[in-house]
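As structure tokens, the structure follows; a few thoughts come after it.
Each value in this text was obtained by applying a stated rule to the coordinates, not by laboratory testing. No experiment lies behind these values; they were computed from the predicted model shown. With ideal geometry, Cβ positions are generated from the backbone for all residues, glycine too; neighbour counts draw on all protein chains shown.
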Amino acid sequence: MPRPGIDAGVAGMSDPITIRCRENGPLVVHGPFRLVDHLGNEIPLPTDKPLVALCRCGASGNKPFCDGSHKTCGFTGDAGAPGPKAPPTDTPISA
């Protein structure tokens, strides 16, 4: 069931939105999207930038957008995407 103010306009987008996690930095959103608050109110996006950086460290003075505070607050966020599971390291004992 669509949620008013949240899901409107999302269906019908032809290309998926790409969100890139910068190492020890913000989430960078590529492509058209809508950003809404917890009540579904739309948050205006910067119109002068082709990409939008969203704060991940919690220290930005311009939340939800990144202002570069992650560089000085000690934030680390360098986990990458999960890869294939490593094979077991136990070697079978031969008889």
Quiz item: Counting pairs of alpha carbon atoms under 8 Å apart in space and at least six apart in sequence, what relative contact order in percent does the range 15-77 give?
Solution: 32
Self-check item: Length gained when the stretch D37-A79 is fully extended (0.36 nm per residue, less Cα-Cα span)
Solution: 12.5 nm
Quiz item: Debye sum, Cα scatterers, the range 15-77, no solvent: what log₁₀ I/I(0) at q = 0.11, 0.23, 0.24 1/Å?
Solution: -0.25, -1.01, -1.08
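Which order do K71, K49 fall in if you start with the one that has the fewest other Cβ atoms within 10 Å?
K49, K71
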